[in-house]
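A.B. asks: Encoded as structure tokens, here's the structure I'll be asking about.
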Amino acid sequence: MTTILGLTCISEQLKEIDKKKYSFRTMTRKRFNDLCVRDGRDEAIKELSERIAHNLYCTQYILRHCHSSDIRHYRLSSSLFPLLTDQTLELAYTDLPNHKTLDTELRFIGIIAKTFGISMGSHPDQFNVLASLNKDAVNKSVNELNFQASIFDKIGLPQDHTAPMNIHINYTPKEDENLELVATRFFRNLAMCDKGVYKRLTIENEDKGFFNVDNCLKFSDYLFETFGANIPVCYDNLHDFCNPSEDRNVVFQAERCAYTWVNQEEGDNNFLAPVFHWSEGKPEKPRSHAEYFSLGNVPPIIAIEPNNEAKWECEVKGKDKGIRLLRQQIEGAI
């Protein structure tokens with residue numbers, strides 16, 4: 001078995017070659033509104049659509065770079081489509097004048113990934129809170145998750161946990177609430193999402209608060225036993241360090257999470273390769289990601305079945321530069 005390492009979003013190595021070409025382009029709401037005033041809404045949408053096209057080309061470059069660097073998993077950036085889910089702007093994907101071209105580029109992203117054997121996933125932003133009591137927050141979350149799932153569909157990614165959309169529960173039960181009540185509300189709100197969300201969604205243990213590994217596993221078990229909903233747990237080693245469960249053994253906790261990655265089509269005794277997070281915090285600020293991994297901080301090989309070992313998305317600021325050094329550790333080069 002080999003340790004499968006995954007890149008998250010951007011390539012620092014490519015940015016060193018050409019920062020403008022290999023960086024994602026965003027747009028703020030203020031910038032969009034200013035363009036509307038100055039040049040008209042159509043021109044503002046045109047500029048936005050050009051930035052999105054650049055982001056898709058950038059993603060294609062990064063996937064090729066992953067292949068040449070033996071990086072076999074990639075987390076899509078949440079910045080590919082700025083503003084399109086901002087409900088105050090009333091923008092739709094089909095409003096983009098180049099949306100048919102974007103469809104083609106998204107399909108090409110999928111072709112590149114499939115050709116090179118690179119799996120893909122995403123990590124929607126922290127504001128996605130399906131367990132919230134705030135209806136506006138839930139509606140915003142459903143809108144965002146549905147949009148991201150639609151992009152996965154355009155890429156051609158499967159509607160299952162081999163293409164996970166990973167979120168935090170990001171909610172602490174109030175004094176009059178228990179885990180079961182929160183999980184029920186979460187499920188009811190998840191039921192408002194499209195099938196592509198429901199089939200891909202995973203949850204992650206958090207670096208503070210109620211949802212450490214133990215409680216995420218209880219949450220996942222309750223959803224499965226009560227509603228038949230299969231929501232795997234993505235293990236994050238840094239979060240587990242900052243917000244530990246009773247047993248602080250990394251391999252033990254990662255294996256417990258791996259058992260939640262059941263193949264929905266094959267039944268209870270068939271498992272998928274889990275997608276986990278491997279990170280390291282700064283000594284003075286443990287919840288903040290370090291630049292690189294220190295010597296000895298190497299992810300374990302976790303596999304419930306042969307040939308389905310965990311894929312570790314590497315969450316350090318150095319991105320692929322950090323992966324390169326980590327791989328050298330794994331191979332005994334340093």
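A.B. asks: Let me spell it out: the conditions are (1) at positive phi; (2) buried (at least 16 other Cβ atoms within 10 Å of the Cβ), and LEU190 meets all of them except one. Which number is the exception?
C.D. replies: (1)
A.B. asks: Another one. Pairs under 9 Å by beta carbon, first residue closer than 18 Å to ASN98 by Cα and open to solvent by 80 Å² or more (accessible area, probe 1.4 Å) in the stretch 21-49, partner part of a helix (DSSP H, G or I) and among the aliphatic types (A, V, I, L, M), six or more apart or different chains?
C.D. replies: Matching pairs, first to second residue: ARG25/ILE52; ARG41/LEU35; GLU43/LEU35.
A.B. asks: Has the stretch 133-145 got any residue that is closer than 22 Å to CYS234 by Cβ, open to solvent by 10 Å² or more (accessible area, probe 1.4 Å), in contact with a helix residue (DSSP H, G or I) (Cβ under 8 Å, 6 or more places away or on another chain) and touching a residue at least 60 places away in the same chain (Cβ under 8 Å)?
C.D. replies: No, the stretch 133-145 has no match at all.
A.B. asks: Moving on to the next point. Can you pull out the residues in the stretch 102-115 that are touching a residue at least 40 places away in the same chain (Cβ under 8 Å) and open to solvent by 70 Å² or more (accessible area, probe 1.4 Å)?
C.D. replies: Within the stretch 102-115, ARG107, PHE108, ILE111, LYS114 meet the criteria.
A.B. asks: All but one of (1) of a type outside the set (Val, Ile, Thr); (2) assigned to a helix (DSSP H, G or I); (3) crowded, with 17+ Cβ neighbours inside 10 Å hold for ASN230, so report the exception by its number.
C.D. replies: (2)
A.B. asks: Say we look at the stretch 272-292 and pick out the residues that are outside any strand (DSSP E or B) and out of contact with any strand residue (DSSP E or B) (no Cβ under 8 Å at 6 or more places or on another chain); which of these is surrounded by the most Cβ atoms within 10 Å (Cβ to Cβ)?
C.D. replies: TYR292
A.B. asks: Additional query: For TYR235, indicate whether it is among the hydroxyl-bearing types (Ser, Thr, Tyr) and crowded, with 23+ Cβ neighbours inside 10 Å.
C.D. replies: yes
A.B. asks: Just give me the residues in the stretch 241-263 being in a loop (DSSP other than H, G, I, E, B) and either surrounded by 14 or more Cβ atoms within 10 Å (Cβ to Cβ) or within 20 Å of the chain's Cα centre (by Cα) (or both), in sequence order.
C.D. replies: Once the filter is applied, which keeps residues that are in a loop (DSSP other than H, G, I, E, B) and either surrounded by 14 or more Cβ atoms within 10 Å (Cβ to Cβ) or within 20 Å of the chain's Cα centre (by Cα) (or both), the stretch 241-263 yields ASN243, PRO244, SER245, TYR259, THR260, TRP261, ASN263.
A.B. asks: Based on this model, can you work out whether ARG64 counts as open to solvent by 60 Å² or more (accessible area, probe 1.4 Å), of a type in the set (D, E, K, R), in a helix (DSSP H, G or I) and at pLDDT 95 or above?
C.D. replies: The answer is yes for ARG64.
The values are calculated or read from the model by the stated rules, or taken from the named source; none is laboratory data. These numbers were taken from a predicted model, which means no experiment stands behind them. Don't worry about glycine lacking a Cβ; one is built from the backbone with ideal geometry, like all the others, and counts go over all protein chains shown. To get the accessible areas, we keep the full protein, side chains included, count just its heavy atoms, and leave off ligands, DNA and RNA. Shrake-Rupley method; radii C 1.70, N 1.55, O 1.52, S 1.80 Å.
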